[in-house]
Amino acid sequence: MKPITIHAHRLRSKPTHARNIDILPVLFLVTALFCLPAGSDSPALNSLAIVFVSIVLEAIPFMLVGALVGGLIEAFVSHERLAAMLPKNGWRTVCVAAAAGILFPVCECAVVPVVRRLMGKGLPFSAAIAYLLAGPIVNPVVAVSTALAYAFDWRVVALRLALGYVIAVIIGLVMGRIFASTPPGILGIMDTTMVQGCGCGCSHAMAADDWLGKVGSAFCHAIDDFLAVGHYLVIGAFIAALSQTYIERSTFLTVTGAPFLAEGLMMLLAILLNLCSEADAFIAASMQGIMPLSAQMAFMLTGPMFDLKLLLMYGGIFRRRVITILVTFILLVVFVASIGLGWIEGTCP
C-alpha cells in the first residue's frame with residue numbers, strides 16, 4: 001500500500017503549538033500575583049491556600065502513576081501485539097477497544113500517540129475512536145483516584161466508568177458508520193513512518209532494544225508527560241480553590257437551580273482546565289455540596305474526551321471535519337448523559 005503522508009506538515013509544527021500553550025502558566029502566575037494581596041493574614045486567603053494545596057497534593061501521585069504507566073506501555077508494549085488482541089471487525093472490536101484501558105491504562109495525554117500508531121498499524125477507525133475516548137476513563141488508575149477523591153464512594157466510581165464506556169462505544173459506532181466508506185487518507189490517518197516519535201513533542205525516540213534502554217525511555221516519556229500537563233493541574237486546583245473561597249455559596253445555588261446550566265458550566269470548565277484524567281476527580285469532588293453529582297460527572301466525562309490540549313493533539317491524527325464531528329458528538333452525548341443522570345438523581349427537572 002502506498003504510504004499516506006498527508007499530515008507530515010502538521011506533525012512537524014506540533015512543538016510550536018505546544019510552546020504556545022506553555023504561555024498559560026506564565027499568565028496564570030502573573031494573574032495570581034496581582035490578585036493575591038502580599039502578606040495578607042486574612043482567613044479567606046488562608047482557606048484558599050489550604051484548599052489549593054490539599055487538591056494538588058492529593059492529585060499529583062496519581063498523575064505520576066498515570067505518566068509512568070503510559071511510559072512503560074510506550075516502551076515495552078508492542079502496538080502490533082495490542083492490535084492483534086482486538087477482534088478484526090464489527091461492533092465487537094469497538095466494545096473490546098473501549099475496555100482496553102483496563103489492561104493498558106493511560107491518561108488522555110498519552111492515549112493520543114498510542115491511538116495514532118495503532119491506526120497506522122491498521123486498527124479500525126471506530127475502534128480507535130472508542131479507545132481514544134474510553135481509555136483515559138475506563139482504567140484502574142482513574143478508578144482508584146476517583147474512589148480516593150470521593151472518599152471511596154464506589155457508586156460514583158461505577159457511574160464514571162460505566163458512562164465513560166457507554167459514551168465511547170456509542171460515539172465509536174456512530175463515527176464508524178459515518179465514515180465507513182471514507183478512505184483513511186481523507187480521515188487524516190498518517191502512515192507508520194510518521195509515528196516513530198512518542199507524539200508528546202519530546203525529542204527521544206522509542207528505538208531502544210535492550211531492557212535498560214527501554215526503562216530509560218519509559219521514564220523519559222513519563223517525565224515529559226508529567227511536566228507537559230502538570231501545570232494544568234496547578235491552574236485547575238487554584239481556580240477550584242478560588243471559587244470555593246471567594247464566590248458566595250448562594251451564587252452556586254442560583255446556578256444549580258437553573259435547568260441544565262450547572263452541567264454546561266462544568267463541561268466548559270473541564271474544556272478550559274485541561275486536567276489529566278488521573279487528577280480531575282479531585283477538582284470535581286471539591287465541588288460536592290456546591291454542584292450536583294450530574295454536573296460533577298459532566299466535568300469528569302468531558303475532560304478526558306475533549307479539552308483545549310486534546311483539540312490540538314487530535315489535529316495530529318484527524319482531519320478538521322473529523323475533529324468537528326467527533327467533538328460535536330462528545331459534547332452532545334456527554335451533556336445528554338449528564339442530564340439523564342441528573343433526572344434520575346432528581347437534580348434536573
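Observations on the structure shown:
- 16 Å reach of a label modelled at residue 345, 7 Å along Cα-to-Cβ, counting backbone N of the stretch 265-280: 265-270
- Between residue 336 and residue 321, the contour length at 0.36 nm per residue exceeds the alpha carbon distance by 3.1 nm.
- Linear extension gain, residue 76 paired with residue 166, 0.36 nm per residue minus alpha-carbon span: 29.5 nm
- The stretch 289-349 gives an Rg/Rh value of 1.09, both radii derived from C-alpha positions and Rh following Kirkwood.
- Seen from residue 267, the other residues with C-beta closer than 14 Å to its C-beta sum to a net charge of -3, counting Lys and Arg as +1 and Asp and Glu as -1.
- Zero-based 20 Å bins, Cα pair distances in the stretch 43-345, whole percents: 35, 56, 9, 0
Bear in mind these aren't lab numbers, they're just calculated from the coordinates by the rules spelled out. These figures come from a predicted structure and were not determined experimentally. Positions of Cβ are backbone-derived with ideal geometry, glycine not excepted, and every protein chain shown enters the neighbour counts.
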